[in-house]
Amino acid sequence: MTGGVNGAALARGASDGEDRLIAADEPLLGLHLRCGGEFPGPIAIPALREAVQRARVTGLRLATAVTAQDGTEGVTAWVEIDPPTNDEAGCRIAVRQWQTRAAPAEDDRVAARRRAALARQTAEFSARLDTRQCAVVAEGHAPDLAGLAERMTAEPGKPWTEFVTIEGSTHHQPLHWRLLDGAPVRIGGSERPWHAIILPIAGPAGGEPVGFELHLVSDVPFAGPPEPVAGSGAAAPGETARMIGREVAPVLRQPIARIVANAETIRSRLMGPLAEEYSAYAADIASAGQHLLTLIDDLTDLEVVESPEFRTSPDRIDLAEVARQASGILGVKSRERGIEIDAPKLGESLPAVAEFRRVLQVLLNLIGNALRYAPEGSQVWIRLEQDGEFARVIVADQGPGLDEAQQARVFGKFERLGRSGDGGSGLGLYISRRLARAMGGELSVESAPGQGARFILSVPAGSAAAA
Amino acid sequence: MLAEFAREERARAALGVVLPHLVSADDAPVLGEEAVVRTRALLSALAADLLGGLGEAGLVDNHVALVAELAGRPLLLAHCHALVLEGQAAERLAARGLDPVLSPAFETWLAADRDTAALAMTALTAQARFTCRQRRMEAVAAELPAEAMHEALLALGAVAGEAGEAAATELRAHYDESRTRLALLARLALATDDPAAPLLDPQAAGLALFATALAQRAGVAREEAVLAAAVGQELRLGLLLRAAGVAPGPAQAAMAVVHPDAELPQPWAELAEDRAAALLAGDDEGAGA
């Protein structure tokens, strides 16, 4: 009826004589609901309501752009509205175009600032690099990194990459900073695995960076000076218990990282064209390798939290900020999965006494699980509440939920609840609960099958004045 | 009688405001003789088109009254005036080599994916028809935006009685805003709205699409963006470009295309977006000192 250019409608809807939405496809329906509408009920998208009203009153077939905000994103839709006919008192709505503007530039800057703040807070080694990636100043905050800082500042003309081993790379020249950002790094004198975070320092005109901040971060805390090799050869009990983190993990990480890096190279066809199947195999190899790396990380963490001398170092933190950071870090993954994370808004705050890094680790685990098991298009809510002496973060999803038997088992070691092949190790929740308890708190779950799950992390509350 | 006198009163009140501009058209070409005559011609053509269903006799009997009735509806009048200004600006730019119909952006879209190409082709055809009609001082009701169409149909019913009402019902039933040039341009601007699409570069987009995109981004009616392309409204274009968030460099470039001879107070391109928007809205407080 309207000619070829209009093409097929993306979605259709209908209103009644009182401008109530009585039929709607997605994504129109979703936007209406997110704008606070009921279905069926008065049209809640203000611009659409106005256009429908206009079509009804004038009796003219309208075509117009409708713009709406639904909290996390802006939507602009092209709608065409058929006025009422003799048979129908309401209008018919056809949506021809639908554009969402997620993550505007402002959000990207917030995310970058958050990442920078996180790197600066957790780094155990920091350096200011010049444009050639040579250290101008360097400082190690952990005992096993003091030597590195000294070596770097002693030879100022050498790029930082000469003082460390970049896993999976045989380049000696420093690569482009974007390729080194996030790279796994080994450091002489330190047993721990590290990774590099490189933050460019923007030039005056927003052009090439005028220098970089280099931060080295490790997931494994410094465990004290290495024990001198005892003549008897018999390892102390504490040391046997830390075997994976100290001995197995470093040996395994390097070859697996190389497997992953090479598989990624093949998968992305960097070295030339390749049949689709082989590229897919390479993707499988890379993801299996990634899984192994995660497993090693989990096993290392497991050792740490199970060791009798494990302590956390509590600090005054803001749970809202940790939650925002966790949701920022998982932003890409959530967009991939089409799941929206509803994190505490800027300005919300809930003081607590806990270790920032450990709370972040627990939240990343909880939100990561929610993203993995909840259906596409659902939401994950992060809520804060204070209950007497405890501050709580609640991560709620719209996944399949857990029955009582599953709830009893879910925090068990290597518990997979019958799942397999999804990259989980069955250690995440076990480790998370140990971390929560080590901080004087608790991690628990409330759920029912089909109702989603609410994981509740409680840690000692902080006083508002001190936060 | 009261209505008659009210019309005479309005004319008297307008004298002091409008007459100086009409007489010395130099400082306000938007009220120049050519613009006024062309606007009247469009209203006349529009009235003839609306009366098309009433036969020869209906046309003769009602034409003069309908033109007057249409001219008395500010929204409709402003729309027709903007069409005239757009036509004039397009001719002015055409003299400097900017095609009033086929711009570089259209050429790109015609070679793009099927949906975009089909939409671009339809918009292009509508734009070609518009250019042709402007040169002949013609206008048709089917090309009016819905609000102006509504006014026009009310006018038709008011002037031509029962026959007019019947004709209006017929025209109403056949009207489809999605097929108008302005809706097609708006939809095209929306469909190709990515940072790479040079919609706010008049050289690349062409004047028609530039005006549509500028109005969308700056949040004003398209008539206002068209007005800014008229001679004597240079600073308005500058403010709209800033309000639309165009960076100083590209804003200067756009200005150089549309108003190459403009001599503007220098800091216009550096004006903050919200201040430009406040000035346009006539909000002196928000615009600061």
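The values are calculated or read from the model by the stated rules, or taken from the named source; none is laboratory data. Bear in mind the structure is a predicted one, so any value in this text is a computation, not a measurement. No Cβ is skipped: glycine too gets one built from the backbone with ideal geometry, and neighbour counts run over all protein chains shown. The protein model used for the area step is the full one, side chains on, heavy atoms only, and it has no ligands, DNA or RNA in it. Shrake-Rupley method; radii C 1.70, N 1.55, O 1.52, S 1.80 Å.
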Spot the failing condition for A:A282; the list is (1) in contact with a helix residue (DSSP H, G or I) (Cβ under 7 Å, 6 or more places away or on another chain); (2) at pLDDT below 80, and only one is missed. (2)
Could you say whether any residue in the range B:135-150 is in contact (Cβ under 8 Å) with a residue 12 or more places away in the chain, under 22 Å from B:G206 (Cα atoms), part of a helix (DSSP H, G or I) and under 19 Å from the mean Cα position of the chain (by Cα)? yes
Show the residue pairs that are 6+ apart or on different chains and have beta-carbon atoms under 9 Å apart, the first residue being within the range A:445-461 and basic (K, R), the second being open to solvent by 10 Å² or more (accessible area, probe 1.4 Å) and not in a strand (DSSP E or B). A:R454/A:D397
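Determine, yes or no, whether B:R217 is open to solvent by 60 Å² or more (accessible area, probe 1.4 Å) and either outside any helix (DSSP H, G or I) or within 14 Å of another protein chain (Cβ to nearest Cβ) (or both). Even if it seems obvious, please write down each step before you answer.
Numbers: open to solvent by 60 Å² or more (accessible area, probe 1.4 Å): yes; either outside any helix (DSSP H, G or I) or within 14 Å of another protein chain (Cβ to nearest Cβ) (or both): yes.
It is true that B:R217 is open to solvent by 60 Å² or more (accessible area, probe 1.4 Å) and either outside any helix (DSSP H, G or I) or within 14 Å of another protein chain (Cβ to nearest Cβ) (or both).
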Suppose we keep only residues that are surrounded by 21 or more Cβ atoms within 10 Å (Cβ to Cβ) and not β-branched (V, I, T) within the range B:152-166. Which one would you say is nearest to the other protein chains (Cβ to nearest Cβ)? B:L153
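Among the residues of the range B:170-192, write down those that are more than 7 Å from every other protein chain (Cβ to nearest Cβ) and closer than 21 Å to B:A225 by Cα. Give the steps one after another, and end with the answer.
Of the residues in the range B:170-192, the ones more than 7 Å from every other protein chain (Cβ to nearest Cβ) are B:170-171, B:173-174, B:180-182, B:184-185, B:188-189, B:192.
B:T180, B:R181, B:L182, B:L184, B:L185, B:L188, B:A189, B:T192, listed by residue number.
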Is one or more of the residues making up the range A:335-346 within 24 Å of A:G412 (Cβ to Cβ) and touching a residue at least 60 places away in the same chain (Cβ under 8 Å)? no
Just one of B:A208, B:A269, B:A262 is in a helix (DSSP H, G or I) and at pLDDT below 90; which is it? B:A269
Test: A:V322 is more than 29 Å from A:G412 (Cβ to Cβ) and assigned to a helix (DSSP H, G or I): no
For the range A:424-438 the number of residues that are open to solvent by less than 10 Å² (accessible area, probe 1.4 Å) and of a type in the set (A, V, I, L, M) is 4
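Confirm whether A:T161 is of a type in the set (S, T, Y) and open to solvent by less than 30 Å² (accessible area, probe 1.4 Å).
Working: of a type in the set (S, T, Y): yes; open to solvent by less than 30 Å² (accessible area, probe 1.4 Å): yes.
So A:T161 passes the test.
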In the range A:45-73, which residues are open to solvent by less than 40 Å² (accessible area, probe 1.4 Å), away from chain B (no Cβ under 12 Å) and part of a strand (DSSP E or B)? A:A68
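How many of the residues in the range B:99-137 are open to solvent by 40 Å² or more (accessible area, probe 1.4 Å), more than 11 Å from chain A (Cβ to nearest Cβ) and closer than 20 Å to B:H174 by Cα?
Initially, the range B:99-137 is screened for residues open to solvent by 40 Å² or more (accessible area, probe 1.4 Å), giving B:99, B:102, B:104, B:107-108, B:110-115, B:118, B:121-122, B:125, B:128-129, B:132-133, B:135-137.
Keeping just the survivors that are more than 11 Å from chain A (Cβ to nearest Cβ) gives B:99, B:102, B:104, B:107-108, B:110-113, B:128-129, B:132-133, B:135-137.
Then drop every residue that is not closer than 20 Å to B:H174 by Cα, which leaves B:129.
Adding up the residues that qualify gives 1.
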For B:A95, state whether it is surrounded by fewer than 17 Cβ atoms within 10 Å (Cβ to Cβ) and in contact with a helix residue (DSSP H, G or I) (Cβ under 9 Å, 6 or more places away or on another chain). no
Is there a residue in the range A:103-120 that is surrounded by 14 or more Cβ atoms within 10 Å (Cβ to Cβ) and at pLDDT 85 or above? no
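How many of the residues in the range B:39-63 are farther than 22 Å from B:L22 by Cβ, at pLDDT 90 or above and either hydroxyl-bearing (S, T, Y) or out of contact with any Asp or Glu (no Cβ under 8 Å at 6 or more places or on another chain) (or both)?
Residues of the range B:39-63 farther than 22 Å from B:L22 by Cβ: B:45-63.
Subset that is at pLDDT 90 or above: B:45-52, B:62-63.
Checking the rest, the ones that are also either hydroxyl-bearing (S, T, Y) or out of contact with any Asp or Glu (no Cβ under 8 Å at 6 or more places or on another chain) (or both) come to B:46-52, B:62-63.
The total comes to 9.
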Regarding A:G13, is this residue touching a residue at least 40 places away in the same chain (Cβ under 8 Å), in contact with a helix residue (DSSP H, G or I) (Cβ under 7 Å, 6 or more places away or on another chain) and open to solvent by less than 40 Å² (accessible area, probe 1.4 Å)? yes
